[in-house]
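Student: My questions will all concern the structure given below.
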Amino acid sequence: MLEFILWVRAILYTWCNLLLQSPYRYIMGYNKAEKQPVRVLVTGAAGQIGYALVPMIARGAMLGADQPVILHLLDIPPAAAALNGVKMELVDAACPLVKGVVATTDVAEACSGVNIAVMVGGFPRKVGMERKDVMSRNVSIYKDQASALEQHAAADCKVLVVANPANTNALILKEFAPSIPAHNITSLTRLDHNRALAQISERLNVDVSDVKNVAIWGNHSSTQYPDANHAIVTTNQGERPVPELLADGEWLRGEFIKVVQERGAEIIKARKLSSAMSAAGAACDHIRDWVLGTPKGRWVSMGVHSDGSYGVPSGLIYSFPVTCEMGQWNVVQGLHIDEFSRAKMEATTKELLEEKALAYSCLA
Ligand code: NDP
């Protein structure tokens, strides 16, 4: 009998404790199962874009406010001291989502187990350098880093190349990391996409979040084709095509394209430094939409390997409008391409084919 009473008392005690503690634990978030950390690699992490990008990832702008991360930061030996400074600042920022920081100049260590790789490091074009010299340096960097990712990254690693020439660096990476699915290797044109949305928002005096479905076609270079023929603005009367809302129809074929293409150079002129903050934000947008999905009815622009859609040669890394779902991107199909657009898309294709030939000649 005594045993029975003690047993009932133990049960009641446990239940009372649970009942009293649960609301508190719920409010404090203790009951939510914490997600496993995702390992995110940033190369060139001591550089300008790296310095802007790392805190954004640490605060959840890339993978969400409930996703812990382990940051892998890579730079070259001459930048080792600066890289250590970035790590110290990251520690001082005391970000709850950061579960570890690996700051290293060893590419194998940096790539070990990474789920996401943002490739920002690259050789910059210096005054007096030939195009071929810059290409040759970057081909060699991307060949080595591809091998390291191939050997050490997680099998499903998603790669975003930011360093220029971004599309062709991604192409080399795809070539030398054959076990990473081609679908997982992409390049950044999201900054150009965001710039296009912003230009339309300013022109029509509407909120930028009410503008959608611009497309960047082709290379992340001055031959890119920012296309707003299919763009839409949400108004009080519902959704309206952007070309219908513009009083000056020629703006979309002239100034709009030029401003988006030359925005980077304009910012360098104004700041005496490149557009690192908006590039870092765009890298976060690119990965976030790829991993978590694009909102229904919206598309974004990503440099992805062509499957021949819209007549773009298969295998080139070319920027297309895409939608993303469950970690996969899909090219938006069936858009009407007029003669003007076709010519622009072919011009940027031609440049990418020339870059590809130059890159392969550097490998020979
Ligand atoms: P940034 O961080 O400003 O730029 C890095 C790369 O991103 C460049 O290739 C740059 O192209 C490109 N980029 C793409 N979009 C943009 C944009 N909108 N605005 C600016 N840049 C853009 O360069 P830093 O020199 O500050 O940093 C580079 C880092 O890479 C350094 O820390 C350096 O040590 C490292 N590095 C690594 C190498 C390696 O991994 N082996 C080799 C050389 C350097 P663009 O050049 O056209 O501006």
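The values are calculated or read from the model by the stated rules, or taken from the named source; none is laboratory data. Source: prediction; values computed, not measured. Because the Cβ atoms are built from the backbone with ideal geometry, glycine has one as well, and the counts that use them run over all protein chains shown. The accessibility values were calculated without ligands, DNA or RNA, using every heavy atom of the protein model including side chains. Shrake-Rupley method; radii C 1.70, N 1.55, O 1.52, S 1.80 Å.
Student: Which ones in segment 230-260 are open to solvent by 30 Å² or more (accessible area, probe 1.4 Å) and touching a residue at least 60 places away in the same chain (Cβ under 8 Å)?
Tutor: Those that are open to solvent by 30 Å² or more (accessible area, probe 1.4 Å) and touching a residue at least 60 places away in the same chain (Cβ under 8 Å): 230, 253, 259.
Student: Could you list all residues from segment 147-164 that are more than 12 Å from the ligand (Cβ to nearest atom) and open to solvent by less than 10 Å² (accessible area, probe 1.4 Å)?
Tutor: Within segment 147-164, 149, 157, 159 meet the criteria.
Student: Let me ask something else. Residues of segment 165-195 being part of a helix (DSSP H, G or I), within 14 Å of the ligand (Cβ to nearest atom) and of a type in the set (A, V, I, L, M), which ones?
Tutor: Across segment 165-195, the qualifying residues are 166, 170, 172, 173, 191.
Student: Could you list, in sequence order, the residues of segment 220-258 that are touching a strand residue (DSSP E or B) at 6+ places or on another chain (Cβ under 7 Å) and of a type in the set (Ser, Thr, Tyr)?
Tutor: Within segment 220-258, just 225 meets the criteria.
Student: Select from segment 330-364 the residues that are out of contact with any helix residue (DSSP H, G or I) (no Cβ under 8 Å at 6 or more places or on another chain), in contact (Cβ under 8 Å) with a residue 24 or more places away in the chain, of a type in the set (A, V, I, L, M) and surrounded by fewer than 17 Cβ atoms within 10 Å (Cβ to Cβ) and list them in ascending order.
Tutor: 347, 353
Student: Scan segment 282-298 residue by residue and report those that are open to solvent by 20 Å² or more (accessible area, probe 1.4 Å), in contact with a Lys or Arg (Cβ under 9 Å, 6 or more places away or on another chain) and under 20 Å from residue 211 (Cβ atoms).
Tutor: 285, 295, 297, 298
Student: Answer yes or no: is there a residue in segment 314-326 that is over 30 Å from residue 38 (Cα atoms) and either outside the structural domain of residue 146 (by TED's automatic domain parsing) or touching a helix residue (DSSP H, G or I) at 6+ places or on another chain (Cβ under 8 Å) (or both).
Tutor: Yes, segment 314-326 contains at least one residue that is over 30 Å from residue 38 (Cα atoms) and either outside the structural domain of residue 146 (by TED's automatic domain parsing) or touching a helix residue (DSSP H, G or I) at 6+ places or on another chain (Cβ under 8 Å) (or both).
Student: Shifting gears a bit: Checking the condition open to solvent by 30 Å² or more (accessible area, probe 1.4 Å), in contact (Cβ under 8 Å) with a residue 12 or more places away in the chain and more than 24 Å from residue 334 (Cβ to Cβ), which residue from 222, 209 passes?
Tutor: That would be 222, the only listed residue that is open to solvent by 30 Å² or more (accessible area, probe 1.4 Å), in contact (Cβ under 8 Å) with a residue 12 or more places away in the chain and more than 24 Å from residue 334 (Cβ to Cβ).
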